[in-house]
Amino acid sequence: MLSRPIYESLPYAYIIAGCAVIVLLESKLAWIPGILLFIAGAHVWILRAQYRARLQRRPKARRRLPRPLYEAAPFLYLFAGLACLMLYLRYDGEQALPLTLAAAIMFFGAGLGGWLMRGYYRHYHDQSR
């Protein structure tokens, strides 16, 4: 059995490892395991969030998005930021794509912001009991 700190950090490790593989390896074929690691980390994180939501007895939040899309949104933003960053880094033309870099920064900010806010609200509601 894994200790709690290791168990809790596994989805983050999968996502970071997947991003590192995509960014650091030159071969596009090597991106497949990176994408799979990213998806696995996001999936584990979403499954844990859904399980914890079932355990908590709070009023159901009103969301405009379907629950699966709502849960996956930060990861979609992070992946879009990663795609924009890769486009910026791998662009072979003479001109750099400054708007692509700006889009990558905005997507990363939206994804990390959503992720941090969910963690904040989860801990806030845990402490308010």
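Values quoted throughout were computed directly from the atomic coordinates according to the rules given, and no laboratory measurement underlies them. Remember, predicted model here, so these are calculated numbers, not experimental data. In this analysis, Cβ positions are derived from the backbone assuming ideal geometry, glycine residues included, and neighbour counts consider all displayed protein chains.
Tabulated data
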{"item": "For 16, 22, order by how many other beta-carbon atoms lie within 10 Å, fewest first", "result": "16, 22"}
{"item": "Exposure proxy order (Cβ contacts within 10 Å, fewest to most) of 32, 15", "result": "32, 15"}
{"item": "Per-pair calculated FRET efficiency, R0 = 25 Å: residue 51 and residue 106 via Cβ, rounded to 0.05", "result": "0.20"}
